[in-house]
Amino acid sequence: MMSSRNELAQGIFEQHREAMLVVDPQTLRIAEANIAACDRLGYERDALLKLAVTDVESSVQDVFFWDDAPPPPPPSRWRRA
């Protein structure tokens, strides 16, 4: 059941018409990108996943946001099954 939920979530992410990126909060590297993000940013997916989000941001305000973003919380001892 969890697998089908993950597949559904992945499908929604991939096919969503808004550009979406998943960013590693520690490295600011792009971990995932949907089709719309690749199209709008003009990158092939493999190339985009090699970049940091600050490499593709076009707004000075966005770059300052990432510079000032708080560090991620420490990992939890509890993990969801």
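Points worth noting:
- Residues being part of a helix (DSSP H, G or I) and at pLDDT 90 or above - total across region 44-54: 4
- Of the residues examined, ASP62 is one that is acidic (Asp, Glu), outside any loop (DSSP other than H, G, I, E, B), surrounded by 10 or more Cβ atoms within 10 Å (Cβ to Cβ) and modelled with pLDDT under 70.
- Selection within region 44-54 - exposed (fewer than 13 other Cβ atoms within 10 Å of the Cβ) and in contact with a helix residue (DSSP H, G or I) (Cβ under 7 Å, 6 or more places away or on another chain): GLU44
- Among the residues of region 1-43, the ones that are part of a loop (DSSP other than H, G, I, E, B) and surrounded by fewer than 10 Cβ atoms within 10 Å (Cβ to Cβ) come to 5 in all.
The values are calculated or read from the model by the stated rules, or taken from the named source; none is laboratory data. Keep in mind the model is a prediction, meaning the values are calculated, not measured. Backbone-built Cβ (ideal geometry, glycine too); neighbour counts: all protein chains shown.
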